[in-house]
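The values are calculated or read from the model by the stated rules, or taken from the named source; none is laboratory data. Everything quoted here is computed from the prediction, not taken from an experiment. Every residue, glycine as well, gets a Cβ built from its backbone with ideal geometry; the counts of neighbours run over all protein chains shown. Areas reflect the complete protein model, heavy atoms only, side chains present, ligands, DNA and RNA absent. Shrake-Rupley method; radii C 1.70, N 1.55, O 1.52, S 1.80 Å.
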Amino acid sequence: RGPEVYWEVKSTYVDVMGKVLKTALASYVESLKRVTSPPKAYIALGSKKRSPGGTNEISGVSALSGIFGGGASGAATSDDDAGEHAELFSLRSRAQTLRDAETGPPLVLHQPSDRVQQEMREYEELFRSAHRLLIDTATFEYAFCEQFWRGEKDMFEKVFAGPLTVYNDFVAQGVATASKDAIGLLIAIRVNAVNRRVMSRRRVPALDAYFDNLNMTLWPKFKHACDEHVKSLEQIKESFEPNPEAPSFIVRRYANFVVALTIVAHSSFESSTVVDDEEVNIATQVDLVLDRMRRAMFECVTNKLCASLRESPKRRSAYLVKTFDFVCTTLSSLADIKDEQTTELATLHFFEEKFLEESAAFVTHTMHKRFSELEKLNGDVLFDATLDALSAFHRN
């Protein structure tokens, strides 16, 4: 009767433990859903919709705004992107989820009560917390099955079939809600890569197929969200009227968005001494997205955002100088990333070159209007000296 009892015990264990783990994890996932922040209104990168509660301050604009203004300071603008819409294009406190990805424990949630007010949290933070619990639970169960059910390679898969069904539903619902949130989706992709690396260090390959399925779910959504932003830039009409005294709110969205995606894609972790292939692939894919976005943004800025300034070359050059300077100033915060091949540094170098070109054009227009006679006498020498001074000022 030994074999009969053995198979009965196996069947009972799979049934009981499968239900216990599924119930426990399902209960935790349901508690996470209660503290999920409501989805924000979607705003495309090139949308004219702006936050109604903005201020008159532009962070990151350098002193060049005053130099290239038409007698007014570059600090005043009516299309500021402060408030809730700015969160769609900035990383802000969401970077904490990345810092917690490798070592942070699951969130501890309390039962709903009038005395305990639960803090609402972003989807990617709940994604990290739920999957941290999953990989810890899977590690213990896999180790037990390896020791107790020796030679029974399918025991873990049978026990964990129910819990993984719960998580597949959780991810599907969350991704559907956050399908337009490119930053949140990219954070989830990085968290998934970290979890795979953690399980690899533990020598637990049990969730490899699940991690692959997550990537197949998250990557298309992320790329689609970015494609929508690029498409919104391409569809901007030339009738767009910019504020000639300050960079457009679209430019500010773009610069902050590039910084956010770059930090998420290229962030490293203290315990990771060697960058694995999946992290390299993530950085490469994001760089390709940002490269396409850079081309669309440059086309938008030079041919659409300043279309109304074509009749005044000097004002157009001044607007472009302030625009490119703002992008360079914002992207300069990424200087601590040492990889010179990454797209955000390529974007920074690209806009620095365009900044110098438009600075030269602005100097030419100004010299021609105010010092036309002097320009005829010694134009090349004076022009080169002025441009060199501007270049040194921007670099410093």
Practice problem: Filter the range 1-50 for residues that are farther than 25 Å from Asn168 by Cα, open to solvent by 80 Å² or more (accessible area, probe 1.4 Å) and either touching a residue at least 24 places away in the same chain (Cβ under 8 Å) or part of a loop (DSSP other than H, G, I, E, B) (or both) and give the result. | Solution: Arg1, Lys48, Lys49, Arg50
Quiz item: If the Cβ limit is 9 Å and pairs must be 6+ apart or interchain, which residue in the range 98-121 that is open to solvent by less than 100 Å² (accessible area, probe 1.4 Å) pairs with which residue that is modelled with pLDDT under 70?
Solution: Leu98/Phe269; Ala101/Phe269; Glu102/Phe269; Glu102/Glu270; Glu102/Ser271; Glu102/Ser272; Gln118/Pro112
Practice problem: For the range 277-396, please list each of the helices (runs of 4 or more DSSP H) lying entirely inside it that holds at least 2 residues being crowded, with 17+ Cβ neighbours inside 10 Å and at pLDDT 75 or above. | Solution: 277-300, 313-331, 343-370
Exercise. Among the residues of the range 159-195, write down those that are over 21 Å from Tyr28 (Cα atoms) and surrounded by fewer than 21 Cβ atoms within 10 Å (Cβ to Cβ).
Key: Ser179, Lys180, Ala193
